[in-house]
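Down below is the structure, laid out as structure tokens.
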Amino acid sequence: MLRRWPGATAAALITLVTLGLIALDLTDAAVRRWWTERAFATDVVAGILVVLITVLVVDQVVRVRQLKDRARAMAAQAAILMLQAARAKQNVSAAMNGSGDRDAALDEVRTYMTILSISAPLLIDARVSRTFLEQAQTLGAELARGLGSGVTESGEASTPSDSRLEDTFQRLRSASAPLLAVLTAEQRGAAGGGESQ
């Protein structure tokens, strides 16, 4: 199946070529005479253009339908991922401040990264979900960085990383909003997304 933009561009280009040939046929007697004298070539060219336009338009329609059909599945994955992101962020922040269990934070980050890995093939298809996926991967890096930094030797919390972690989580939350809009409040709650919002 063709990718969305190249397919749409090809459909538009072939449609423009067809319209150009129609305009030439209607306005230029020499072109009209040339096509009339070559009936078989005219039929072949017309048939190929019609088939190409049909295939490309149908391909685009099927692609859009597939993305719409997958929208709920992508939204459910995003809701589950957001719930785990909130848990992981909370545990990592607590570990960085010295008030939380580092092993528990590590387990939450490991679970987050597992869910992220499972969700990636579904989320990579569309532009909006791909943006969310990129933000989720960035949060994963920040969670790992946060676990690596923690509390300094003097006992002070590394707050710059904590604020950076919070900023990254807020960007992920913003990126999740368009995906989660597909779900009802009940569906969000069932997927666990209600708590993360």
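The values are calculated or read from the model by the stated rules, or taken from the named source; none is laboratory data. All of these numbers come straight from a predicted model, not from anything done at the bench. Backbone-built Cβ (ideal geometry, glycine too); neighbour counts: all protein chains shown. Protein only, heavy atoms only, side chains kept; ligands, DNA and RNA dropped before computing areas. Shrake-Rupley method; radii C 1.70, N 1.55, O 1.52, S 1.80 Å.
Axis angle, to the nearest 10 degrees, between helix 127-149 and the longest C-alpha principal axis of the chain: 20 degrees. To the nearest ten degrees, helix 4-27 and the longest principal axis of the Cα atoms of the chain are 20 degrees apart. For LEU139, the shell of other residues with beta-carbons less than 9 Å away shows a net charge of +1, using +1 for Lys and Arg and -1 for Asp and Glu.
Which net charge results for the neighbourhood of ALA78, defined as the other residues with beta-carbon distances under 11 angstrom from its beta-carbon, given Lys and Arg at +1 and Asp and Glu at -1? Provide the component values of the computation, followed by the final result.
Details: positive: ARG72, ARG173, ARG188; negative: none.
For residues surrounding ALA78, the net value is +3.
At R0 = 41 Å, how high is the FRET efficiency between THR42 and GLN66 if r is their beta carbon distance? Nearest 0.05 is fine. The partial results should precede the final answer.
Values: r = 36 Å, r/R0 = 0.89.
About 0.70, to the nearest 0.05.
Using the Cβ of ALA104 as centre and a radius below 12 Å, the other residues enclosed give a net charge of -1, where K and R count +1 and D and E count -1. The relative contact order of the chain, computed from alpha carbon pairs under 8 Å that lie at least 6 residues apart in sequence, is 25 percent.
Taking all protein chains into account, the per residue accessible area for the chain stands at 59 Å² (1.4 Å probe).
Estimated at the nearest 10 Å², the accessible area of ASP69 is 120 Å² with a 1.4 Å probe. Within the listed set VAL51, VAL109, VAL128, the residue fluctuating most in the Gaussian network model of the chain (springs between alpha-carbon atoms under 10 angstrom) is VAL51. P(r) tail, the chain: Cα-Cα pairs separated by more than 20 Å, 66% of all pairs. Axis angle, to the nearest 10 degrees, between helix 102-123 and the longest C-alpha principal axis of the chain: 10 degrees.
Computed from the C-beta positions of ASP28 and VAL57, the FRET efficiency with R₀ = 22 Å rounds to 0.20. Among ALA181, ALA88, ALA105, the largest mean-square fluctuation in a Gaussian network model of the chain, built with springs joining Cα atoms closer than 10 Å, belongs to ALA181. By the Stokes-Einstein formula, at 1.306 mPa s and 10 °C, region 1-90 with its Kirkwood radius over alpha-carbon pairs has D equal to 95 µm²/s. Couplings for region 60-73, taken from phi via the Karplus curve 6.51 cos²θ - 1.76 cosθ + 1.60 with θ = phi - 60°, read 5, 5, 4, 4, 5, 4, 4, 5, 5, 5, 7, 4, 5, 5 Hz in order; Gly and Pro are left as x.
Please report the carbon-and-sulfur percent of the accessible area for the chain; probe 1.4 Å, protein heavy atoms only, DNA, RNA and ligands left out.
Values: 6940 of 11530 Å².
The nonpolar share, carbon plus sulfur, comes to 60 percent.
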